[in-house]
Each structure stands twice: as structure tokens, then as C-alpha cells.
1. Considering only residues that are closer than 16 Å to Gln302 by Cα and of a type in the set (Val, Ile, Thr), which ones fall in segment 86-102?
2. Out of (1) outside any helix (DSSP H, G or I); (2) within 16 Å of Ala35 (Cα to Cα), the odd one out for Ala57 is which?
3. Mind checking which residues of segment 83-116 are more than 19 Å from Ala274 (Cβ to Cβ), surrounded by fewer than 17 Cβ atoms within 10 Å (Cβ to Cβ) and among the small types (Gly, Ala, Ser)?
4. Tell me, which residue of segment 240-279 that is of a type in the set (A, V, I, L, M) and surrounded by fewer than 16 Cβ atoms within 10 Å (Cβ to Cβ) is modelled with the lowest pLDDT?
5. Can you tell which of Gln372, Gln284 is within 30 Å of Ala49 (Cα to Cα) and open to solvent by 60 Å² or more (accessible area, probe 1.4 Å)?
6. Among the candidates Thr83, Thr153, single out the residue that is assigned to a helix (DSSP H, G or I), among the hydroxyl-bearing types (Ser, Thr, Tyr), touching an Asp or Glu at 6+ places or on another chain (Cβ under 6 Å) and at pLDDT below 85.
7. So in segment 293-350, with the set limited to residues that are at pLDDT 80 or above and open to solvent by 70 Å² or more (accessible area, probe 1.4 Å), which one is nearest to Ala30 (Cα to Cα)?
8. Go through segment 32-71 and give me each residue that's open to solvent by 60 Å² or more (accessible area, probe 1.4 Å) and within 30 Å of Ala90 (Cα to Cα).
Amino acid sequence: IALLSLGSGVIAWLALRDVAGTQATVSERALPAAASAQDLAEASALLLANGPRLAAAADEAERRLRRATLDEQAIQLARALATLETLSFAPQTVALLKDAVDSMLANLEQQDRLVARRLAVERQFREGGAGALAAATAIVDLSETLVSNAASTLNAVIANLYALVEETSELELVYEALDRLVEGDVYLLERMFELRLRASQMGLLLNQLGRAASLDEVAAVELGYRGHLRVLIRRIASIADPVRRTQAEEQLALLTAAAGRDHEASGKSEGIFAERRLLLSIEQELQALDQSNRVLAARIEQQIDGLTAEVRGYAAAAAAQAGESARIGLSLLAAALAATLALSAAIVWFYVRRQVARRLDHLAGGMRRLAQGDLAVTVDATGRDELAEMARAIEFFRAEAIRKRELESERERV
């Protein structure tokens with residue numbers, strides 16, 4: 001009976017152990033995995049939201065601030081992923097998540113480098129463009145003076161022509177003055193007008209370059225700029241005043257340096273146009289990285305949804321398994337109880353009744369017969385238990401009674 005009770009306890013312990021193990025697995029692995037997956041989803045969403053903010057940083061201080069924020073979110077993302085890895089739950093899904101997270105972090109690192117480079121190029125582009133625009137403005141201002149001087153000279157020549165025309169004897173001088181007027185003064189005035197016009201158009205092209213949104217627009221602006229620059233070089237070389245020409249050449253050098261020169265060997269160009277192309281290229285790379293991050297975030301979200309579904313399925317299966325274990329345990333306990341009752345009845349019937357109660361009845365009957373004087377009674381004294389000791393005691397009493405009877409008979413004969 002004790003062994004059966006112990007067996008029932010073992011069965012109950014095994015059943016409860018299965019249930020407790022299932023609950024521990026759910027509480028220690030499944031639920032933390034779901035929580036970590038949720039943290040991972042939130043961190044990836046924050047990273048995706050702050051990525052464009054990093055790309056839109058206007059200066060180095062803002063870039064560093066955005067980068068610090070992204071680093072904190074990247075740490076949270078890494079912690080959530082590390083928690084998922086330590087839980088050893090859905091390793092294949094976690095491996096896919098890790099690949100996507102690593103790719104997203106690598107994209108953000110590349111994005112930060114591109115933003116830092118873009119800020120440096122933008123600073124150079126602004127400085128170069130501002131210098132070129134100032135040089136063009138200075139040439140425009142200088143050309144205004146030259147146009148005024150040429151116009152004054154032209155007016156003076158025309159005024160002298162009136163005096164020469166009145167003197168018919170000086171007709172040859174009139175023709176010479178007209179030739180100088182047409183070939184020199186008027187042509188000079190036209191060239192100074194063209195100098196001003198070209199410089200003004202170059203300033204407009206510089207403003208247009210800052211708004212160019214494609215490589216074709218940059219190429220068109222550069223083509224026009226270089227065309228005006230070639231004409232500007234010739235027009236500045238034709239300035240008669242050496243002081244004005246030197247001043248114009250200084251500004252021309254700034255315009256030429258801003259445009260840069262083509263390198264046929266490398267196929268690249270220097271200057272503000274190359275910097276604008278580089279800025280457009282960086283913007284395209286940033287957009288590609290942002291698009292890649294969006295795809296990775298969607299993949300992470302999809303995998304997290306799958307992981308959450310696995311957690312729910314695992315929890316449901318664990319609950320079903322726990323219920324099945326409890327049902328089996330209850331069935332085994334009921335069977336053990338029935339077996340205990342049956343065995344107890346069998347022990348009472350086959351052992352207690354036969355081995356104890358029947359022997360006690362036999363001993364009681366023998367004692368009653370001895371008490372009544374029947375010395376012919378016999379008892380079974382075999383065995384090594386207490387009942388056998390009692391039987392041997394009764395047998396001893398019977399033997400003593402027989403000896404006493406023999407002594408009494410002997411005394412009566414005496």
C-alpha cells in the first residue's frame with residue numbers, strides 16, 4: 001500500500017513536472033521572446049524614422065546629435081537581438097532577423113559617412129560658388145565703369161565730329177574720326193556691354209547651379225558657364241586700361257578656378273560643377289540607403305510577425321501539452337487509486353483474513369478448548385511472527401496442563 005501511494009505521488013509529480021516545465025518554457029522563453037521581438041520592432045521603427053533626419057542634417061553639430069540618437073537606438077536594437085539569441089527560440093527566424101539588423105546598421109553607418117562627406121562638399125561648394133558669384137558681380141561692377149568710360153569717349157568723339165563736319169576742308173579728318181568711331185569706340189562699347197552681359201549671365205548660371213537637381217541640368221549650366229568664360233577671357237584681354245584689366249583678370253582667375261579644369265586622363269573635373277555632381281551622387285546614395293532601410297525594416301517587421309505567430313503557436317501547443325499532461329496524470333492517478341483500492345481489498349481478503357484473522361480464530365478456539373479442559377487440541381506453531389509465538393505459548397500451556405494432569409493422576413494412584 002505504501003508503494004502504491006508512493007507510485008501515485010511519483011505519477012502526480014511527473015505530471016506536475018511536465019506542466020511546470022511547459023509553463024516555465026512559456027514564461028522563460030516564449031514570452032520574453034515576444035517582448036524582445038516587440039522591442040526590436042520599436043527600435044527598428046525608430047531607426048527608420050531617424051535615418052532621414054540624419055540625412056537632412058544641416059551642419060556637423062546636428063549630424064553628431066542625430067548620430068548619437070541613432071547610436072542609442074542601435075544599442076537598444078542590439079540588446080533586443082542579443083536577448084532573442086540567448087533565449088534560443090526560433091533560431092532560424094532569429095538568424096534572419098540578425099542579418100537584416102546587421103544590414104540596417106551597416107546602412108546607417110554608411111549613411112552617416114555620406115552625410116559627413118556631403119556637409120564637407122556643401123561647404124566647399126558654397127564657398128566656391130560664393131567666391132565665383134562675388135567675382136562675377138565684381139566684373140559686372142567693373143564693366144559698368146568701362147561701359148561708362150567707353151560711352152563718354154564715344155560721346156566726345158561724336159561731339160568733335162560736329163565741329164569737323166562744319167569745316168569742309170577737314171573732310172579727311174571726318175572720315176578718320178568716323179573710322180575710329182566705328183572700328184574703335186563703338187566696338188569697344190559693344191565689347192564692354194558684352195563683358196557686362198556675360199558676367200551677369202555667369203552670375204545667373206551660378207545661382208541656377210545651386211538649384212540644379214540632375215546631372216543634365218549641371219551639364220547644361222556648366223556648358224553655358226564655360227562658354228561665357230571663354231568669351232569673358234577675350235573681352236577682359238581687350239581692356240585698354242591696365243589697372244582695370246588687372247582687376248578684371250584677378251576676378252577672372254577666381255571664376256576660372258571655380259569652374260575647374262577637365263582632366264582627360266581621369267575623366268573627372270574639379271571645381272563647383274564637380275562638387276555639385278558629387279552632391280547629387282551623394283543624395284542618390286542616401287536615397288538608395290533610405291530605400292534599402294525601408295525594405296529591411298519591412299523584412300524585420302515581417303519576420304517579427306512570424307516570430308510572434310510562432311510564439312503564439314508555441315504557447316498554444318504548450319498549453320495543449322500541459323493540459324494533456326494533466327489529463328494523463330489525472331487518469332494515471334485515478335488508475336493508481338483504483339489499483340490501490342483493489343490491492344488493499346486483496347490484501348485484506350487474501351492476507352489479513354487468511355494469515356491473521358483465521359489464525360487468530362484458530363488460536364482463540366484452541367484457548368477456549370484448553371479452558372474447557374480439552375487437551376487434545378492442536379495449534380499450528382509454525383512461522384516466525386507474533387501469532388506463531390502465541391501458538392507456541394498455547395502449546396506450552398497445553399503441555400503444562402497435560403503434565404499437571406499426569407501429576408494429579410500419579411498423586412491419586414499414590
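1. Hits for segment 86-102 are Thr93, Val94, Val101.
2. Looking at each condition in turn, Ala57 falls short on (2).
3. If the condition is that a residue be more than 19 Å from Ala274 (Cβ to Cβ), surrounded by fewer than 17 Cβ atoms within 10 Å (Cβ to Cβ) and among the small types (Gly, Ala, Ser), then Ser88, Ala95, Ser103, Ala106 are the ones that fit.
4. Checking each candidate, the answer is Ala265.
5. Details: Gln372 fails: within 30 Å of Ala49 (Cα to Cα).
Being within 30 Å of Ala49 (Cα to Cα) and open to solvent by 60 Å² or more (accessible area, probe 1.4 Å) holds for just one of Gln372, Gln284, which is Gln284.
6. Within the list Thr83, Thr153, the selection yields Thr153.
7. Per the criteria, the residue is Asp305.
8. Listed by number, the residues that qualify are Gln38, Asp39, Glu42, Leu46, Asp71.
The values are calculated or read from the model by the stated rules, or taken from the named source; none is laboratory data. Please read these numbers as outputs of a predicted model, since none were measured by experiment. Here Cβ is always computed from backbone atoms with ideal geometry, including for glycine, and neighbour counts include all displayed protein chains. What goes into the accessible areas is simple: the full protein's heavy atoms, side chains included, and nothing from ligands, DNA or RNA. Shrake-Rupley method; radii C 1.70, N 1.55, O 1.52, S 1.80 Å.
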